[in-house]
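Enquirer: Before I ask anything, here is the structure I am working with.
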Amino acid sequence: MIFSEIKAHLSKFRVGIAGAGGLGSNCAIALARCGVGTLVISDFDVIEARNLNRQYYFSDQVGLLKTIALKENIARINPGISVIIHQEKLDSINITEVFSGCNIIVEAFDSSDMKEMLIETVQLKMPGTPVIVGSGMAGWGKTGDLSCRRIDDSLYICGDEKSEVSDMLPAIAPRVGIVANMQANLVIEILMNIN
């Protein structure tokens, strides 16, 4: 299948991204470059200079809402993509409304409590909707430890599933980018198998 055919197929789908930091911003950019038709991105935070080492933003965007800046960046890459943004903190009540109609949801939170809440809410209230989680990307090197694993019919985890971010083991661009692109690659794999 040639790229124009892949892009035409992907243009039919809607992907939700919960969080627009290191994982979410990089995953969104990869999906936009491939031609996924609609991205629904939710985040309530602003861009901080200290996070530019791993997030797909620019120094002149510091202080902007992540969702607004990411929508602008996507438009510069692929203006044909529809980007729907929400500036609200996700919870078990609003997740179903924010991500209504999404074929897949990418989890891109920092907090394990938020990850758990998203997974439980989607599995309970949106059964069958695949969720692709990022877990374990701190530090550098050890690329071979990063993988994607299917947990059940609708839950996948990308990362090494063990490395915790700390002052001495920060999240930096290479491993965060690899995991974000693994998530995007898995989204495309799943969508390409839908007729």
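Enquirer: Quick one: Cα convex hull volume of region 3-67, Å³ per residue? List each step's numbers first, then the result.
Expert: Working: hull volume 5.0 nm³, N = 65.
Considering the Cα atoms of region 3-67, their hull volume per residue is 77 Å³.
Enquirer: Something else about it: State the antiparallel share, in %, of DSSP beta bridges confined to the chain, rounding to the nearest 5. Present the calculation step by step, with values, prior to reporting the outcome.
Expert: On the way: 6 of 27 bridges.
Antiparallel bridges: around 20 percent, rounded to the nearest 5.
Enquirer: If you don't mind, there's one more thing I want to ask. Given 0.36 nm per residue, what is the gain on full extension from I93 to K125 after removing their alpha carbon distance, in nm? List each step's numbers first, then the result.
Expert: Numbers: separation 32, 0.36 × 32 = 11.52 nm, distance 0.98 nm.
That works out to 10.5 nm of additional length.
Enquirer: Do the alpha carbons of any pairs in K89/K142; K71/K115; K71/K125; K7/K142; K12/K125; K12/K142 sit beyond 26 Å of each other, and which pairs?
Expert: K89/K142; K71/K125; K7/K142; K12/K142
Enquirer: Using 7 Å Cα-to-Cβ label points, what is the E5/D145 separation (nm, one decimal)?
Expert: The modelled label-to-label distance comes out at 4.0 nm.
Only the coordinates and a few stated rules stand behind these numbers; no lab work does. The structure presented is a predicted model; accordingly, all values stated were derived computationally and were not measured. When we count neighbours, we look across all protein chains shown, and the Cβ atoms used for this are built from the backbone with ideal geometry, even at glycine.
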